[in-house]
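The values are calculated or read from the model by the stated rules, or taken from the named source; none is laboratory data. Here the structure is a predicted model, which means the values were calculated and not measured. Cβ placement follows ideal geometry from the backbone for every residue including glycine, while neighbour counts extend to all protein chains displayed. Protein only, heavy atoms only, side chains kept; ligands, DNA and RNA dropped before computing areas. Shrake-Rupley method; radii C 1.70, N 1.55, O 1.52, S 1.80 Å.
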Amino acid sequence: MDNNNLGRHISGQFNVELEDVRSQVMAMGGLLEQQLNDALEALQSGDGELARKVMSADRKINSMEVKIDEECARIIAKRQPAASDLRLILAISKTTADLERIGDACVRVAKAVIDNNEGNRKGMLVSMEAMGRHSARMLHDTLDAFARMDIDAAFRLHKEDRKLDKEFEAVFRQLMTFMMEDPRSIPGILDVMWAARALERIGDRCQNICEYVIYFVKGKDVRHMDTEDMEDLLG
């Protein structure tokens, strides 16, 4: 759905306010994309300084979430929106919460780089590169689907999360093998495992955002629908 179509769903009285909040969400998403890319670069290169930069920037992500939430609450109290207007505000608020959690996942990856930047452990971190790039593509495409309120793209990305889950399972099995071969490595590998889980959770958060896009456009909560029922809804 393009911006012209989106405009038909928004009461003209507070169109500017809602567009401003949407712009803030996209700015937050752009910052998160940079955070995730920096975390993945640190993962690949072992750059502890870059990892620390990712961790310190999380405060800005948190403050953006608070600001957007406050603006959404203000709009609801002031405008008392109905129907699709209210759905859009709810979609924005929920999306912002999931974006903040993606920021937490970036911090988790960065922390693993700092804690495990040596020898064999560094190799384990690098082994997650493909999974990391997949999560970054999902985030980028999900933000694009949100910007356009594109339910077709949202549905495709919703299904894409299964592939990321399988990649996590493969990394998990590999790390379990490392631990069985060398029990002394368990503490360090557990940190790496948490970083892999964080990347997998980014896919889950993207999936949530795709559900909010569908909720706004179709007016139907699809959080607990299976793929077939969702496909029927979208026609």
In the range 72-91, anything open to solvent by less than 50 Å² (accessible area, probe 1.4 Å) and over 13 Å from VAL217 (Cβ atoms) is listed as CYS72, ILE75, PRO81, ASP85, ILE89
Which one of ARG79, ARG74 is farther than 27 Å from LEU40 by Cβ, modelled with pLDDT under 90 and basic (Lys, Arg)? ARG79
Would it be correct to say that LEU190 is of a type outside the set (S, T, N, Q) and either surrounded by fewer than 21 Cβ atoms within 10 Å (Cβ to Cβ) or touching a Phe, Trp or Tyr at 6+ places or on another chain (Cβ under 9 Å) (or both)? yes
Show the residue pairs that are 6+ apart or on different chains and have beta-carbon atoms under 8 Å apart, the first residue being within the range 10-21 and buried (at least 17 other Cβ atoms within 10 Å of the Cβ), the second being among the small types (Gly, Ala, Ser) and at pLDDT below 85. ILE10/SER84
Counted residues in the range 58-71 being among the β-branched types (Val, Ile, Thr) and surrounded by 14 or more Cβ atoms within 10 Å (Cβ to Cβ) come to 2
Among the residues of the range 220-227, is there at least one that is of a type in the set (Asp, Glu), out of contact with any strand residue (DSSP E or B) (no Cβ under 6 Å at 6 or more places or on another chain), open to solvent by less than 40 Å² (accessible area, probe 1.4 Å) and on the phi < 0 side of the Ramachandran plot? no
Being under 17 Å from the mean Cα position of the chain (by Cα) and either surrounded by 14 or more Cβ atoms within 10 Å (Cβ to Cβ) or modelled with pLDDT of 90 or more (or both) is true for just one of LEU234, LEU143. Which residue is that? LEU143
For the range 30-48, state whether one or more residues are surrounded by 14 or more Cβ atoms within 10 Å (Cβ to Cβ), more than 18 Å from GLY132 (Cα to Cα), more than 20 Å from the chain's Cα centre (by Cα) and of a type outside the set (A, V, I, L, M). no
